[in-house]
Amino acid sequence: MAPRWKGRTAEAKALADPMSKIVSDLQSSLLQSDAHASLSGSNALLPVEPQHAEILTRACFGRPIITADKVNQWFQLSLEEAFYLSHHLGCLKITHHQGTTCTIAELWQYMKSKIANFPHYYKAYSYLRTKNWVVRPGSQYGVDFVAYRHHPSLVHSEYAVIVLSGVDGRLMVWSDLYCTIRLCGSVAKTLLVLTVNKNGHGTVSPTALDGYSVEERSIRRWSAEQNREDPVAAANGTKYDI
């Protein structure tokens, strides 16, 4: 399925401003400002100045929290986003509610306590992000994430992503798989299944993530009506019955 750009100039704008550069600019900006976020349940809250809010929005990390204060702004980060900024990009410090800065090990344990199978979800999230896909929550489509080629203001999401750990049993029943594929088709998305394999590595430390592997499968609904003739053969007057 080809990207569905929003407007005639959207693709050119995306090519002129690649997501890899935007994320690199965000990394530099947060490092220079010594950014700190605080844990709040299953999210992290990041106070930002207007210029940081602008680059966070361009990079598609977090969601702004609307307040009456126009100077001091806040962004709400998912745990996957917060850990990616802290662990992978190394540009964000995260604090406990007591105000002390978390170590990566403490952060890892906290996030595992808040989200079941967090190591698998984070591995899938970081796998896509490092390939410069924009990754956003997919709950409105009944999936784990949705993946965009660039900023959502320029292009529609291309993939509906489900993360499998190999033991959770999702999509093992044919009716579940069929319903998911039909839903993805109705919203013009391809189902992308990411199976995260631990390969014998545990979840005690985030260093185990290096030993994980990700197997990807894209699944589309096949339509007999749309595929019953070879266009080239049909143009030459040859028909094949199936």
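A few notes on this one:
- Scanning the range 67-88 for residues that are assigned to a helix (DSSP H, G or I) and not hydrophobic (A, V, I, L, M, F, W, C) gives E80, E81, Y84, S86, H87, H88.
- Test result for Q73, more than 14 Å from S153 (Cβ to Cβ), buried (at least 18 other Cβ atoms within 10 Å of the Cβ) and more than 22 Å from the chain's Cα centre (by Cα): yes
- Qualifying positions in the range 111-124 - open to solvent by 70 Å² or more (accessible area, probe 1.4 Å) and not in a loop (DSSP other than H, G, I, E, B): S113, K114
- Residue among S175, S113, S126, S153 that alone is under 18 Å from A208 (Cα atoms) and over 14 Å from the mean Cα position of the chain (by Cα): S113
- For the range 43-50, the condition holds for no residue, the condition being that it is among the hydrophobic types (A, V, I, L, M, F, W, C), out of contact with any His (no Cβ under 7 Å at 6 or more places or on another chain), open to solvent by 40 Å² or more (accessible area, probe 1.4 Å) and in contact (Cβ under 8 Å) with a residue 40 or more places away in the chain.
- Residue list for the range 80-110, restricted to those being open to solvent by 50 Å² or more (accessible area, probe 1.4 Å), over 20 Å from the mean Cα position of the chain (by Cα) and either closer than 21 Å to V161 by Cβ or among the polar types (S, T, N, Q) (or both): Q98, T100, T101, T103, Q109
- Verdict on S113 being under 27 Å from L183 (Cβ atoms) and not acidic (D, E): no
- Residue within the range 89-97 that is closer than 21 Å to V214 by Cβ and either assigned to a loop (DSSP other than H, G, I, E, B) or modelled with pLDDT of 95 or more (or both) present: yes
- Residues in the range 16-66 that are in a strand (DSSP E or B), under 17 Å from the mean Cα position of the chain (by Cα) and not charged (D, E, K, R) were compared, and the one that is farthest from F145 (Cα to Cα) is A44.
The values are calculated or read from the model by the stated rules, or taken from the named source; none is laboratory data. Quick caveat, the model's predicted, so the values are computed rather than measured. Glycine gets a Cβ as well: all are built from the backbone with ideal geometry, and neighbour counts include every protein chain shown. Protein only, heavy atoms only, side chains kept; ligands, DNA and RNA dropped before computing areas. Shrake-Rupley method; radii C 1.70, N 1.55, O 1.52, S 1.80 Å.
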